[in-house]
Amino acid sequence: MHSSRPVPTSCGTETAPKRHRVREVDVLRGFALLGILLVNAPAMAGPHMGPGGELYVSWVDGAAGWLVTALVSAKFYLLFSFLFGYSFTLQRDSAERAGAPFAPRHLRRFTGLLLLGLAHAFLLYPGDILVTYAVLSLVLFAVRDIAPRTAVRAAACLITGVAACLLAWGLVTVAFAVPAPPQDITAAVLDRASSYRGDLGSVVGANLEWWRDTLGWNVLHGADVLAAFLVGLAAGRRGILAETERHRSSMVQIVVCALPLGLAGSAFMAVCRNGPLDGRWYDVGSAVGVLTAPALTAAYACGLLLLLRTRHGGRAGDVLAGAGRLALTHYLTQSLVMALVFTGYGLAWYGRYGMTAVLAGCFVLYAAQLTYGRWLLRHFRYGPVEWLLRVMTLARRP
């Protein structure tokens, strides 16, 4: 992902444009990696089961889970999706500068993402987002010339539509559904734990079942992802992240206004999903979360970009930017590590640890990725998965 400008020579002509990365895109992507990990890892670790196989949640684990739902869930995949839409404009510009047709490049990139996503979902983590990105990237290509204001309005309509669907279904559930007996829930968890602690075929079978059971949910929330794509497309067309200093006052206003709204909606979502309200309120809370998550996501992004301008923000920004350049490699590595820890691929610790322990492991893994990423970029221009996807996109070795 690059932007460019002509470089004048001494005789008044212009040389080929000099490429450089948009650092803010990498910084935000590196930051989003932590949020994605904090959401995905507990899902791969499974609910904590005691020595007798019973479900057990301590008050510490319950509080940690509540905070993850309130502060992290449904926020960082939106940030990643926004950055995907923004990067689409940079990839299109790159193709134009190279004099290459963009459509074949994009189709090859779609194919690469789709294949990586399917392998990721079936072998490692069925909550994969790459398949959704690949499919919706075709929609993004189809509307690539949409006016920025129209794109933002379409995104607002998509988010409102998803929230309305969830709210309608949630109210029906609150009115008519009967909570499942605890013994039925425990039996289902034990069955899944047995599958994930088994051999390769057992793990893949459990992944396929999970992927199938959540397919409808993923289709519905694909509208959320597309909305973020469109906002990112609009921002990329205007080059907002390449000129953040010009938008400093607007970013301050977003933090001041959006942060309280986003926190209030996310807290309500946590109350519905994690208690004290019971599981019948899950979709009602999700509806409110869908409406307010963009506000909290925007506040996080703008707050981080403002911090980069502070005295000590530059060094932190460099570390995050390095991680962002390797985001795809880090994303898949996170799933690989979790699969080796929690499934029969390795230690088979599914369900053996509570939320607090899992989250502590997440911060250790993220710190290791930041360190490894800085070392890797001193020796190589691309991460291994980024290099592979670039080869597929360009149909040649970069």
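Data for the structure
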| item | result |
| --- | --- |
| Rg and Dmax of the chain, Cα atoms only, in Å | 21.7, 81 |
| Region 324-398 shape via C-alpha gyration tensor axes, a/c threshold 1.5 | prolate |
| Rounded tilt (10° steps) of 130-142 against the dominant C-alpha axis of the chain | 40 |
| Coarse-grained scattering of region 239-304 at q = 0.12, 0.14 Å⁻¹, given as base-10 log I(q)/I(0) from a Debye sum over alpha-carbon atoms | -0.38, -0.47 |
| Region 335-350 - phi-based ³J(HN,Hα) in whole Hz, Karplus 6.51/-1.76/1.60, Gly and Pro as x | 5, 4, 4, 5, 5, 5, 7, 9, 10, x, 4, x, 7, 6, 8, 4 |
| Separation of alpha-carbon centers, region 150-211 and region 237-299, rounded to whole Å | 22 |
| Angle between the chain longest axis and helix 384-394 axis [Cα atoms, degrees, rounded to 10] | 50 |
| Ordering of 100-111, 346-357 by packing [mean C-beta count within 10 Å, highest first] | 346-357, 100-111 |
| Candidates Gln91, Gln253, Gln369: whichever shows maximal mean-square fluctuation once the chain is modelled as a Gaussian network with Cα springs under 10 Å | Gln253 |
| Between helix 215-238 and the chain: long-axis angle, C-alpha atoms, 0 to 90°, nearest 10 | 20 |
| 3J(HN,Hα) from dihedral phi, region 291-304, Karplus parametrisation 6.51/-1.76/1.60, rounded to Hz, x for glycine, proline | 6, 9, 4, x, 5, 5, 4, 5, 5, 4, 4, 5, x, 5 |
| Whole-number percent relative contact order across the chain, with pairs defined as alpha carbons under 8 Å at least 6 apart | 31 |
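Every read-out reported here was derived from the displayed coordinates using simple, explicitly stated rules and does not represent laboratory data. Values in this document were obtained by computation on a predicted structure and should not be read as measured data. Cβ sites come from the backbone with ideal geometry, for glycine too, and all protein chains shown count toward neighbours.
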